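So the structure is just underneath, and the comments pick up after that.
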Amino acid sequence: MARLQREWEVHGLPLRLVEEYLQELGGHLTPDGRVEGPGWTIQIRKIEDFRLGSIRLGNLRLVLEADPKVMETFLPALEKKLRRGGG
């Protein structure tokens, strides 16, 4: 069965925090910078910061590839963590 792919941007969360969230969901960091978990892989790329005067917020692009059954359960769990914004 073909893997599904979803891509989106995350604003205002540091890379290390997103990596921590992914590890909490069963992932592990790979030497090439991806995070892999059971049935899923995420590539995280830093993109241009959002700037408002002297304030800079980091932005990340996430590319998720997952087995269809895994996508159904993993994606809602990840989105819940990302909405939480570290709190």
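Things worth noting here:
- Flag for F50 being of a type in the set (F, W, Y) and over 15 Å from the mean Cα position of the chain (by Cα): yes
- Count of region 51-67 residues which are at pLDDT 90 or above and out of contact with any strand residue (DSSP E or B) (no Cβ under 8 Å at 6 or more places or on another chain): 0
- When E48 is tested against (1) within 18 Å of L82 (Cα to Cα); (2) charged (D, E, K, R); (3) touching a strand residue (DSSP E or B) at 6+ places or on another chain (Cβ under 8 Å), only condition (1) is not met.
- Residue match in region 75-84 (condition: in contact with a His (Cβ under 9 Å, 6 or more places away or on another chain) and not hydrophobic (A, V, I, L, M, F, W, C)): no
- Scanning region 1-26 for residues that are assigned to a helix (DSSP H, G or I), in contact with a strand residue (DSSP E or B) (Cβ under 8 Å, 6 or more places away or on another chain), in contact (Cβ under 8 Å) with a residue 24 or more places away in the chain and farther than 22 Å from R56 by Cα yields one hit, L22.
- Inter-residue pairs, beta-carbon under 8 Å, first at pLDDT below 95 and in region 27-50, second of a type in the set (S, T, N, Q) and surrounded by 15 or more Cβ atoms within 10 Å (Cβ to Cβ), 6+ apart: G33/Q43; K46/N59; I47/N59; E48/N59; D49/N59; F50/N59
- The set of residues from region 32-87 being acidic (D, E), over 13 Å from H11 (Cα atoms) and in a strand (DSSP E or B) comprises E36, E65.
The values are calculated or read from the model by the stated rules, or taken from the named source; none is laboratory data. All figures in this text were calculated on a predicted structure; none of them were measured in a lab. All Cβ positions, glycine included, derive from the backbone under ideal geometry; neighbour counts span all protein chains shown.
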